[in-house]
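Everything on this sheet refers to the single structure shown next.
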Amino acid sequence: MSYISYVWRLFTTGLCFFVFGFSGLIVSIFICPLQILLYSNRDKRKRKARKMVHYLFKGFVCLLKYSGTAKFSIENKNDLKHLSGNIVMANHPSLIDVVVLISIIPNADCVVKATLFNNPFIKAILSNTGYISNDCADGVIEDCRQSLHCGNNLIIFPEGTRTIPGEAIRFQRGAANIALRCNATITPVLINVEPTTLTKAEKWYHIPNKRFVFRLMLANKIPSFTFTGDNAMSKMSRQFTAVLEQHYREEIARI
């Protein structure tokens, strides 16, 4: 490993995240209040705010790429750009997974931890975009249903948190429950980051020994599941979660 290369990537990694955080702060303080003044219609404000986030994230991905911090291999980009009313379901190996997905999908929606709505740096952005808070289980389902009905694409990570390197992925039931209750079409996405970086156990400055490659692709097939009205929804959610988990393990193993 070249020492100069390592120092440069450490510097550019810090620069990229500084720009990301500073941009978010500027948007929260200046742009979000302006959007509220310009767009009194809530739905129009959501669309404008989400498009803004889409381009901000696209800019961040470009900064990572052209600074030499990361390489990106995005397959099926046009298919993802033209989705409508789908659940985009993905594994979650790194911190920037949702950033990359939103940078590709202009009309993306997502479920966000309720605690983040109290974060002063991003509270205004989350409010303007109308991203869905996970504070109420029943409310989340209805919000997801309405969002999908409006043609938005809902990004969900069934693991609920980032994958632990070296361990098999484990899915929670939330994603399957939303898909079943909303009767939604699933677009399965596979993400691979090599060498592993920006995992839950690592700080941003724990960079790998070489530039990491972020690969994103559609799965070869959509996981199949037989819906039966005879079973309770809780039981179907458990069964579908097991099907999804096994499907992703097999698909990730072939990458």
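The values are calculated or read from the model by the stated rules, or taken from the named source; none is laboratory data. Being a predicted model, the structure only gives us computed values, none of them experimental. Positions of Cβ are backbone-derived with ideal geometry, glycine not excepted, and every protein chain shown enters the neighbour counts. What goes into the accessible areas is simple: the full protein's heavy atoms, side chains included, and nothing from ligands, DNA or RNA. Shrake-Rupley method; radii C 1.70, N 1.55, O 1.52, S 1.80 Å.
Of 49, 157, 136, which is farthest on the positive side of the dipole of region 23-180, counting Cα position, with +1 on Lys and Arg Cβ, -1 on Asp and Glu Cβ, and the Cα centre as origin?
Selected residue: 49.
What length, rounded to one decimal in nm, is gained on full extension from residue 22 through to residue 81, with 0.36 nm per residue of separation minus their alpha-carbon distance?
Full-extension gain reported as 18.5 nm.
Using just the C-alpha positions of region 49-176 as equal point scatterers, what log10 of I(q)/I(0) does the Debye formula give at each q in 0.12 1/Å?
Each listed q corresponds, in turn, to -0.48.
Mind jotting down a quarter of the surface of the convex hull over the alpha carbons of the chain, in square nanometres, one decimal?
Approximately 14.0 nm², given one-decimal rounding.
Which value in nm describes the separation of the simple spin-label points at residue 51 and residue 73, placed 7 Å from the Cα toward the beta carbon?
About 3.4 nm, to one decimal.
Defining a contact as two alpha carbons under 8 Å apart and six or more residues distant in sequence, what relative contact order in percent does the chain show?
Averaging sequence separation for qualifying contacts and normalising by length gives 24 percent for the chain.
Aspartates and glutamates near residue 221 by alpha-carbon distance under 19 Å, same-chain residues fewer than 8 away left out - which ones?
Leaving aside aspartates and glutamates fewer than 8 places away in the same chain, those within reach of residue 221 are 75, 79, 245, 250, 251.
How big is D for region 78-146, in µm² s⁻¹ as a whole number, if Stokes-Einstein is applied with the Kirkwood radius of its Cα pairs at 37 °C and 0.692 mPa s?
247 µm²/s
Could you sort 171, 121 by their accessible area in this structure, using a 1.4 Å probe and putting the largest first?
The most accessible residue leads, giving 121, 171.
Please give the charge dipole size of the chain, origin at the Cα centre, charges +1 on K and R Cβ atoms and -1 on D and E Cβ atoms. Round to the nearest 20 debye.
My answer is approximately 640 debye.
If you take the Cα Rg of region 142-255 and divide it by 2.2 N^0.38 Å, with N the number of residues, what do you get?
1.20
In the chain, which helices (entire DSSP H runs) extend 15 Å or more along their own long axis, judged by Cα positions, while averaging at least 0.5 on the Kyte-Doolittle scale?
Going by DSSP H runs, the hits are 3-26.
How much of the accessible area of region 101-236, probe 1.4 Å, is carbon plus sulfur, in whole percent?
Within region 101-236, the accessible surface is 50 percent carbon and sulfur.
With the cut-off at 27 Å, tell me which of the pairs 44/123; 77/235; 113/200; 58/203 have Cα atoms farther apart than that.
Violating the 27 Å limit, Cα to Cα: 77/235.
For the chain, what is the calculated [θ] at 222 nm in deg cm²/dmol (nearest 500), taking -39500 (n - 2.57) for each run of four or more DSSP H residues and dividing by its residue count?
Here the helix-only value at 222 nm equals -15000 deg cm²/dmol.
Which aspartates and glutamates have a Cα less than 14 Å from the Cα of residue 48, not counting those fewer than 8 places away in the same chain?
109
Treating the beta-carbon of each Lys and Arg as +1 and of each Asp and Glu as -1, no other charges, what is the dipole magnitude of region 8-131 about its Cα centre, to the nearest 20 debye?
Charge dipole, region 8-131, about its Cα centre: 320 debye, nearest 20.
Which whole-number percentage describes the relative contact order of region 127-255, with Cα contacts under 8 Å and a sequence gap of 6 or more?
In percent, rounded to a whole number, it is 24.
Charges at C-beta only: +1 for Lys and Arg, -1 for Asp and Glu. How large is the resulting dipole of region 178-250 about its Cα centre, in Debye rounded to 20?
In debye, rounded to 20, region 178-250 gives about 220.
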